[in-house]
1. Can you give me the distance in nm between label points at Ser375 and Asp162, each placed 7 Å from the Cα along the Cα-to-Cβ direction?
2. For the cross-link pairs Lys139/Lys322; Lys190/Lys460; Lys360/Lys439; Lys193/Lys360; Lys271/Lys342; Lys322/Lys360, which exceed 29 Å when the distance is taken from alpha carbon to alpha carbon?
3. Helix-only mean residue ellipticity at 222 nm, the chain, DSSP H runs n ≥ 4 weighted -39,500 (n - 2.57), per residue, nearest 500. What is it?
4. Relative to the longest principal axis of the chain, what angle (0 to 90°, nearest 10) does the C-alpha long axis of helix 429-438 take?
5. Ordered by residue, what ³J(HN,Hα) values in Hz, to whole numbers, does region 143-153 give under the Karplus form 6.51 cos²θ - 1.76 cosθ + 1.60, where θ = phi - 60° and Gly and Pro are x?
6. Treat every Asp and Glu Cβ in the chain as -1 and every Lys and Arg Cβ as +1, leave all other atoms uncharged, and give the resulting dipole magnitude about the Cα centre to the nearest 20 debye.
7. Would you please give the residues with an amide H less than 5 Å from that of Leu199, counting only those at least 5 places away or on a separate chain, with H modeled from the backbone geometry?
8. Short version: ³J(HN,Hα) in whole Hz for each residue of region 483-489, in order, from phi by Karplus 6.51 cos²θ - 1.76 cosθ + 1.60 (θ = phi - 60°), x for Gly and Pro, what are they?
Amino acid sequence: MEASWKRHMKPDGPGRIRISKHGSMLSDAILVSDEAHMSNHSDDRSPSQLVNTACLPGIVGDAWAMADWHFGYGFPIGGVVATDTEWGEQGGSISPGGVGFDINCGVRLCSTDLHISDIDPKHLAGELSKSIPAGASRKGGVRLAESELDSILAGGAGAAIDLGLAEERDLKCIESNGLLQSENRDVGEKAMKRGSTSLGTLGSGNHFLELQVVDRIVDEEAARAFGLRIGQVTAMIHSGSRGLGHQVCSEHVATIESQYSKVGDSWYSEKWGFSVPDRQLASAPIHSSEGESYFDAMSAAGNFAFANRSALTQRLREVLRKEYSVDGDLDLVYDVSHNIAKIEDHHIGGVACKCCVHRKGATRALGGNHPELASNFSLGQPVLVPGDMGTASWVLAGPVKGANDAFSSSCHGAGRRLSRTAARKSVDSELLISELESKGIHVRAKTPNVLSEEAPDAYKDVDEVIGLTNRAGLARPVARLRPVSVIKG
């Protein structure tokens, strides 16, 4: 049976497909895609999830799915939805499913003064695997006293500096300067326990630390501003809030979902008068006690993630300084979040709106004149897009001025093409390691048997995703980065 959204789908300019409002949708939805890209998707669930997000109470503008869209919890990965904070009596929706379980999962890119000819990627892969804790456990993480952990939850990357786990010069190159406001830090005992020993660890799944070489420059002026050049060694770190963030999300999902019961084909909260088509979209009004509690705890977990990537950067710096002395020093290009909800000012149809913007597997792409950005980003905010460990990653840039019409958002990666289960069935991990080694990509994994889940074949073509993002007018390509050493969990 054909999904109903297909009957309401039409091209909407380069790189865009619009799904017109129908059924219980409160707005249109836009897929960053084209006919060829759509033909490679046999799974209809992601567009159906996007349609469902357009039903969130208080939604403003369109519901978006970035070019790396794929199936997720409630929201599709790549989903961007904004709600009006002044809608109704207590404001529009805030949905934990619109952020995800790995709160403030994000990416940071670092640059070095090293040329690819200066390093031995295989040797460095070995040294990094000894020094960078990876895997599902918390083994190797920084042990924090309760007061130290509380300072991290309140202060983010700045608190990591105070604890000797980061460097002051990095702050201006971190989204929101590495700090989300959290007044109460409503983080439960279980989350605190999980965070007390996991700071400075990569985690597992698609998280990684990768040494790369800049192999293509598309926008020379922006690349110079970002400090990137051909042949240069860079380092990309992809990690989030670890078990602390997962616990925070789990607890608040349970609290908010408990207010919903099935009524016909929908889920309804009598307490708030909210109706959603999928229980995983359960939402609270942003100014309700439950909404405010979640937002505050999410921000605290987000601060932990900023500090976590900062601590991982220091471990990387120590390895490079040991191996290459002064030449091994590391500068932070930028650090972006791609699982977060933020209160932002936008214009919808020419009208100013204070919005709660959910980005789940989506990255901010601010214009170069945005007041949050440092002066070296006047050509647009760096947008970091990891691909897969066998091909390449990209650096994009937001607009030189102003904002794109997707609430200043862009894609966050290549996006999965195969589910983890399907990838495990079709890819041999040992053979994959040998194939990557033959291409000069040296992989070190704590659990090699799960590498198949992250195989290049499990992901979309990142160059295609970048092309769609560019044609849709969301962000422009600056530089392509090819992996040479990969550390995974």
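1. 2.9
2. Long pairs (Cα-Cα over 29 Å): Lys190/Lys460; Lys360/Lys439; Lys322/Lys360.
3. -8500 deg cm²/dmol
4. 50
5. 7, 10, 5, 4, 5, 5, 5, 4, 5, 5, 5
6. 720
7. Val142
8. Result, ordered by residue: x, 10, 9, 10, 10, 9, x Hz.
None of the figures in this text is laboratory data; all of them are computed from the coordinates on show. On a predicted model such as this, the values are computed, not experimentally measured, just so you know. Heads up, the Cβs are rebuilt from the backbone with ideal geometry, glycines too, and the neighbour counts pull from every protein chain shown.
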